[in-house]
Amino acid sequence: MVAEQGTVWLSPPGMQEGSIDFAQNIPELLHIHLPLSHFSSSEFDNDTGNCAIDALGYEEAYEDPLLAEIGYAVASELKAETSAGGLLVESLASSLAARLLQKRTSAPRTQLLPCRTHQGLDQRRLSRVLDYIDTNLEGDLSLECMAMIACLSKYHFARAFRQAVGDSPHRYVSARRLERAKALLIRSDRPLVDIALSLNFSSQANFTRAFKQATGHAPGRYRQAAGYVHPSPL
């Protein structure tokens, strides 16, 4: 749970329902629920297991700038959904779990930190991942599937991908989807709402906002400027 000012409340599994009293009004409050799978050994390529979850203790009203930034990023995505928002939230969830293991556990840090790995994305793995992304731009893309293709945990895949490509998975996918949108606008007369939904935008309005932000033009105006002409009926 993250308040607007960056104050954090941590409630681990097994806590009974309770209440929190606030001394003053808080404009925004974000509840983040992490599945237990985010703390599994396969998530971090080590043997954290149940000991990591058991080591998490209840804490109230503490400050953690990194957790606050993660919360702000999640809230921003909820307010203005993007085409690769699912990938962003998946990556943020992994970072959030890692931060909790690193800073908020009572067990020795050496037992809970993700194992360092020298395993990255060589050219063969990177090519497989990029081919998978291009093939599935008009469909669902998940960080988990990309990581499986690269034979890495989600936590390490996101970092290895950034090192190899120079951008995070969700930013790369967002850019590729916008490029695909440009091609669809120029080469076809598909309705804008159809293009928006096929590229995983939640609505035509969100597609229009993202497209205009990236290109300076609304999709319809971009199509007109590109000179698309409806084919004449036979």
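Here, each number is a calculation from the coordinates, and none is a lab measurement. Just so you know, these numbers come straight off a predicted model, no measurement behind them. Every residue, glycine as well, gets a Cβ built from its backbone with ideal geometry; the counts of neighbours run over all protein chains shown.
Remarks
- Label-point separation in nm, I186 to Q123, each point 7 Å along Cα→Cβ: 2.8
- For the peptides 136-143, 85-92, residues were scored by their other Cβ atoms within 10 Å and the scores averaged per peptide; the highest-first order is 85-92, 136-143.
- Put simply, the range 120-226 fits an ellipsoid with semi-axes of 29, 13, 12 Å; these come from the alpha carbon gyration tensor as the roots of five times its eigenvalues, largest first.
- Extension gain for E138 to H217 (0.36 nm times residue separation, less C-alpha to C-alpha distance): 26.3 nm.
- The protection proxy used here, the mean number of other Cβ atoms lying within 10 Å of each residue, ranks peptides 154-165, 197-208 as follows, highest first: 154-165, 197-208.
- Here the gap between D131 and R99, fully extended at 0.36 nm per residue and compared with their Cα-Cα distance, gives a gain of 8.4 nm.
- The range 181-222: projected area of the alpha-carbon convex hull, averaged over directions, in nm²: 2.5
- Inter-label distance for E60 and S76, nm, one decimal - labels placed 7 Å from Cα along Cα-to-Cβ: 3.1
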